[in-house]
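Okay, so here's the structure we're looking at.
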Amino acid sequence: MGMTITEKILASAAGLKEVHPGQLIMANLDMVLGNDITSPVAIKEFPKFGKDHVFDKDKVALVPDHFTPNKDIKAAEQCACVRAFAKSEEITNYFEVGRVGIEHALLPEKGLVTAGDTVIGADSHTCTYGALGAFSTGVGSTDMAAGMAIGKAWFKVPSTIRFRLSGKLREHVSGKDLILTIIGMIGVDGALYRAMEFAGEGVHSLSMDDRFTIANMAIEAGAKNGIFPVDEKTLEYLKEHGAKEPKIFYSDEDAEYEKTIDIDLGAINPTVSYPHLPENTHDAKEGKDIKIDQVVIGSCTNGRLSDLEAAAKVLKGRKIADGVRCIVIPATQRIWLEAMHEGLFDIFVEAGCVVSTPTCGPCLGGYMGILSEGEKCVSTTNRNFVGRMGHVKSEVYLASPETAAASAVMGYIADPEEVGYEG
């Protein structure tokens, strides 16, 4: 019997010739990740495993990115805990203010994950690295502590749903619109503890940034992981970012899938997820009656350079609507610099936006964009649960950078085609 990409990676990590869905395995880990919210809990649990040190100081990454730069005393204490542990354990991949970035944009940028890796992170959006052909998934802080101690983790091998893509996305449509559309199709539990494998000729038309966005939001369909096959774009990205030699796996022709869903990329429209679940999707053009108070462009989902460029094309020569606040957050310091040198900051500031240092802040209702009662926000983040970005009676609408930028200009949820590009 053939195996899927996910099954092959897990079999390799477990030292087995083959695995099958539902099988419990103990797998070796290539990277263990934590941030300033989840790491302190894991650090406190770490001594219980009876280990003097982490299993490999090069295979642990600690990234204080959620409440940093420190928003208050509690945040400072959390970061102090992580900083002290990183120093005592001589953690190679510790990134703080000035060198930090939003973790799921930073690790690929630093070349710390490659194809074929098995990665756990104490953050649900660790599934982002499936874009590189890696098995990566979110875990709890106790599992993170175990991973740091012994370099292994238990997994139940997931069954796989294949999304067979054809064609290519139209202008003004991105990977964010695709994954929102998929979640709208199957629901927030439509891939519960499954692998979401993206296949078909349409995959090759997607940029790496599109793939990162799609894999990032696999968890919003309940998936254990999202994963893409390795192609020339993947290999070029890995080489450009200095990643170690990839271990490339492809699904066998006779691999068994739970089901296959065919999707024509050319039929995808600019899409918005209305409150209070990502599955509540609508075409962006339906939102003219929804007046908004805030727009956030950034996050681990859509804070990469191409995302900022897409938003800037819409905003160039235009102004943010009266009564709307627009916050732009580059995902890493490198992206921040590149955006600045490209002149994107000029466009953002002249339009009436504020530009932040890299942080997860507003995405989880931490800081840098908290909503008050009754306020509505269009955001390029990944969750729109009740109270996600502030008051329990506020509302978050998930969208692509282009749709978010168009909405900021119009003052209501707008299809980017309604605004177009300057020039």
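The values are calculated or read from the model by the stated rules, or taken from the named source; none is laboratory data. Note that the structure is a prediction, hence the values are computed from the model and not measured. With ideal geometry, Cβ positions are generated from the backbone for all residues, glycine too; neighbour counts draw on all protein chains shown. When the accessible area is computed, the model is the full protein with side chains, heavy atoms only, and any ligands, DNA or RNA have been set aside. Shrake-Rupley method; radii C 1.70, N 1.55, O 1.52, S 1.80 Å.
All alpha carbon pair distances within region 1-112 were sorted into 5 Å bins beginning at 0; the resulting P(r) in whole percents reads 2, 11, 19, 18, 15, 14, 11, 6, 4, 1, 0, 0.
Per residue, the chain exposes 38 Å² of solvent-accessible protein surface, assessed with a 1.4 angstrom probe and all protein chains in place.
Here the sum of -39500 (n - 2.57) over DSSP H runs of 4 or more residues, divided by the residues of the chain, equals -8500 deg cm²/dmol at 222 nm, to the nearest 500. Here the Gaussian network model covers the chain, with springs between Cα atoms less than 10 Å apart; of PRO158, PRO330, PRO64, PRO158 fluctuates the most. The dipole here belongs to region 332-423: it is taken about the Cα centre, uses +1 on the Cβ of Lys and Arg and -1 on the Cβ of Asp and Glu, and is about 580 debye. Of the residues THR114, PHE46, MET410, the one whose Cα sits farthest toward the positive end of the charge dipole of the chain, with +1 on the Cβ of Lys and Arg and -1 on the Cβ of Asp and Glu, is PHE46. Separation of the alpha carbons by more than 26 angstrom is noted, of LYS17/LYS224; LYS176/LYS288; LYS233/LYS376; LYS17/LYS239; LYS8/LYS239; LYS110/LYS168, for LYS233/LYS376; LYS17/LYS239; LYS110/LYS168.
When a 1.4 Å probe is rolled over the protein heavy atoms, the share of accessible surface on the chain that falls to carbon and sulfur comes to 51 percent. Take each peptide in 341-349, 125-133, count the other Cβ atoms within 10 Å of every residue, and average; sorted highest first, the result is 125-133, 341-349. In the chain, one over the average inverse separation of all distinct C-alpha pairs is 21.4 Å, which is the Kirkwood hydrodynamic radius. Going by accessible surface with a 1.4 Å probe and the largest first, ARG99, ARG194, ARG304 read ARG99, ARG194, ARG304. For LYS74 and VAL354 in the same chain, what is the full-extension length gain: residue separation times 0.36 nm, less their Cα-Cα distance, in nm? So the chain would gain 98.3 nm between LYS74 and VAL354.
Among residues other than GLY390 with Cβ under 15 Å from its Cβ, the summed charge is +2 (Lys and Arg +1, Asp and Glu -1).
In plain terms, if you count all Cα to Cα distances in region 72-187 and split them into 10 Å steps from zero, the share in each step is 10, 33, 34, 17, 7, 0 percent. Among the GluC sites (Glu not before Pro) within region 172-260, those in coil by DSSP and having at most 12 neighbouring Cβ atoms inside 10 Å are GLU253. The share of C-alpha pairs in region 329-379 whose separation exceeds 14 Å stands at 60 percent.
3J(HN,Hα) along region 391-398: 4, 5, 9, 8, 9, 10, 10, 8 Hz, from the Karplus curve 6.51 cos²θ - 1.76 cosθ + 1.60 with θ = phi - 60°, whole Hz, x for Gly and Pro. Sparse packing (at most 11 other Cβ atoms within 10 Å of the Cβ) combined with a DSSP loop state is found for the following trypsin sites (Lys or Arg not before Pro) in region 1-79: LYS17. Extents of region 195-313, taken as max minus min of Cα coordinates on every principal axis and listed largest first, are 48, 35, 26 Å. Spread over its residues, the convex hull of the C-alpha atoms of region 340-406 is 93 Å³ per residue. Any cysteines in the chain with zero other Cys Cβ atoms under 4.7 Å from their Cβ? List them, or say none. So far as the 4.7 Å Cβ criterion goes, CYS79, CYS81, CYS127, CYS300, CYS360, CYS363, CYS377 stand without a partner in the chain.
Between region 283-345 and region 118-134, the C-alpha centres lie 25 angstrom from each other.
For the residue pairs LYS51/LYS152; LYS48/LYS152; LYS57/LYS152, alpha carbon separations are all held to 20 Å or less.
Structure remark: mean-square fluctuation, Gaussian network model of the chain, C-alpha springs under 10 Å; the largest value among SER39, SER299, SER12 belongs to SER12. Here the label points at LEU16 and GLU286, each 7 Å from Cα along the C-beta direction, are separated by 4.3 nm in the simple model. The charge dipole of region 35-86, taken about its Cα centre with unit charges on the Cβ of Lys, Arg, Asp and Glu (plus for the first two, minus for the last two), comes to roughly 100 debye. Spacing of the modelled spin labels on MET1 and ASP189, each 7 Å from Cα toward Cβ, amounts to 2.6 nm.
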